[in-house]
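Below: the structure, in structure tokens.
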Amino acid sequence: MTTDSLRSGPGANGRTSGDRARLPVREHLPACGPAAASGVPVLDVVVPVYNEEKDLRPCVLRLHDHLSRTFPYAFRITVADNASTDSTPAVAAALAAELRGVRYVRLEEKGRGRALRTVWSESDAPVLAYMDVDLSTDLNALLPLVAPLISGHSDLAIGSRLARSARVVRGSKREFISRAYNLILRSSLAAGFSDAQCGFKAVRSEVAERLLPMVEDSGWFFDTELLVLAERAGLRIHEVPVDWIDDPDSTVHIVRTATEDLKGVWRVGRALAVGALPLDRLARPFGDDPRDRALTGVERGLARQLVGFCVVGVLSTLFYLALYSLFRLGVGPQLANGGALLVSAVANTAANRRLTFGVRGRDGAVRHQAQGLVVFAIGLALTSGSLAALGAATGSPSHSTELAVLITANLAATVLRFLLLRAWVFPARACPEPEPEPEPEPDSDSEDVR
């Protein structure tokens, strides 16, 4: 199945692109019902493999035994063989014939991400998971991993080797690489999850249906890209501390994988910065309680917006002062101030649009920048007026005095700038009034008892 077909075709539940305004409310999956009666599993665990003839059979036997004894729902194990050249296909086919609830899928191209995207996209199970064939993660974490997805509490779940209560046995080299990589994700992509690369994850199918077409990577960066996009869209990611033992015979090429991951970080960061991803398709309704969704006129997010505005304001002020100092080397104070303020205002509007007010995509971006320039004009008037007053009062002020005056003038304009951005440039969208339920039509055959 190609990425294009995923983008345009209906999903596993039959919905087409015209229905994709937002995700439905999460619901607790029933333990038994029409799906269970028809043989559709609640959980589909994918084991992606490449040349794993040695480890595949003991892995699947152990996993199948564990699920049969402990998992209270119907399940399936899918061995996704991506272009193995040894006897892995024969081992997988034998397991599928021997064990009930085990199937084998063959792909002719390599890539863990490609295998997961293909199998998850075609699966009929409402909860999709995967784990590495070496079973480095203790299987006792499997039920805690998928339980929040079954209950409707969370959208995705990940095993974490870096959580405080996790117990991990591995070498110092891999430990350093793992922690350094997650530090890079936190600093560059503002990732909030603790472990991107642990081979132990799960996702609800309706989330996967919309999220997978946005994920470009087909290799090891697939996990990271999936999680970053989900987190940026506001989906709930549940983390499970795991017991994990490193596989000394792992065939992962660390240097090549790290290089590809860094390229992926740059690509995803650039796409998020320009708003090129339709993350609004992953929006969830606010709360699962109808009483929450019926509230109207309630202003939400003010505290978060204030924090975001302050962070953006501090960074853009430093950027503005650096530009002013640079421009001041060649031109007078007024021209330096105007040029620095114009450049920083464009960056400030773009940052506040995305980070403070949560506006994604390119719709309205030009209008927002135009309105932001009006706000910029107010700041320009305040700062230019302050510089003019300083020049009239002192004649030839020092550079440090100019910066102090500019900082004071910018602080004076900050409150007005925030109010204008919030009320005019990025106004909060009003919550629609709930439509009243239609009254039932009277039965013409019934007697009037009034």
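The values are calculated or read from the model by the stated rules, or taken from the named source; none is laboratory data. Remember, predicted model here, so these are calculated numbers, not experimental data. So basically every Cβ, Gly included, is an ideal-geometry build from the backbone, and we count neighbours across all protein chains shown. Areas reflect the complete protein model, heavy atoms only, side chains present, ligands, DNA and RNA absent. Shrake-Rupley method; radii C 1.70, N 1.55, O 1.52, S 1.80 Å.
If you go through the range 106-115 and keep only what is in a helix (DSSP H, G or I) and open to solvent by 30 Å² or more (accessible area, probe 1.4 Å), you end up with just Arg114.
Set side by side, the residues Ala115, Ala157, Ala166, Ala196 differ, and just one is under 19 Å from His66 (Cβ atoms) and in contact with an Asp or Glu (Cβ under 9 Å, 6 or more places away or on another chain), which is Ala157. From the list Val311, Val346, Val331, the lone residue that is surrounded by fewer than 16 Cβ atoms within 10 Å (Cβ to Cβ) and modelled with pLDDT under 85 is Val311. For first residues located in the range 143-156 and over 9 Å from Arg26 (Cα atoms) and without any contact (Cβ under 8 Å) to a residue 40 or more places away in the chain, partners that are open to solvent by 40 Å² or more (accessible area, probe 1.4 Å) and outside any helix (DSSP H, G or I) and lie 6+ apart or on another chain with Cβ distances below 9 Å form the pairs Ala147/His153; Ala147/His238.
Conditions (1) over 23 Å from Asp247 (Cβ atoms); (2) open to solvent by less than 10 Å² (accessible area, probe 1.4 Å); (3) in a loop (DSSP other than H, G, I, E, B); (4) of a type outside the set (Val, Ile, Thr), marked per residue:
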site	(1), (2), (3), (4)
Tyr73	yes, no, yes, yes
Ile77	no, yes, no, no
Ala92	no, yes, no, yes
Ala97	yes, no, no, yes
Tyr104	no, no, no, yes
Arg117	yes, no, no, yes
Ser121	yes, no, no, yes
His153	yes, no, yes, yes
Leu162	no, no, yes, yes
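Checking Ala83, Ala129, Ala141 one by one, the residue that is of a type in the set (A, V, I, L, M, F, W, C) and closer than 22 Å to Arg210 by Cα is Ala129 and no other.
Taking only the range 157-172 into account, find how many residues are touching a residue at least 60 places away in the same chain (Cβ under 8 Å) and out of contact with any strand residue (DSSP E or B) (no Cβ under 8 Å at 6 or more places or on another chain). Count: 1.
Screening Leu321 with (1) under 18 Å from Leu411 (Cα atoms); (2) buried (at least 19 other Cβ atoms within 10 Å of the Cβ) gives one miss only, at (2).
Scanning the range 370-416 for residues that are open to solvent by 50 Å² or more (accessible area, probe 1.4 Å) and of a type outside the set (A, V, I, L, M, F, W, C) yields Thr394, Gly395, Ser396, Ser398, His399, Ser400, Thr401, Thr408.
Candidates are the residues of the range 208-249 that are part of a loop (DSSP other than H, G, I, E, B) and surrounded by 19 or more Cβ atoms within 10 Å (Cβ to Cβ); the one that is farthest from the chain's Cα centre (by Cα) is Val242. Comparison of Gly395, Gly379, Gly391 shows that the only residue that is among the small types (Gly, Ala, Ser) and touching a Pro at 6+ places or on another chain (Cβ under 9 Å) is Gly391. Within the range 79-90, if we keep just the residues that are of a type in the set (Val, Ile, Thr) and buried (at least 22 other Cβ atoms within 10 Å of the Cβ), the residue that is nearest to Val47 (Cα to Cα) turns out to be Val79. Can you find a residue in the range 57-70 that is under 32 Å from the mean Cα position of the chain (by Cα), crowded, with 23+ Cβ neighbours inside 10 Å and assigned to a helix (DSSP H, G or I)? Yes: the range 57-70 contains one or more residues that are under 32 Å from the mean Cα position of the chain (by Cα), crowded, with 23+ Cβ neighbours inside 10 Å and assigned to a helix (DSSP H, G or I).
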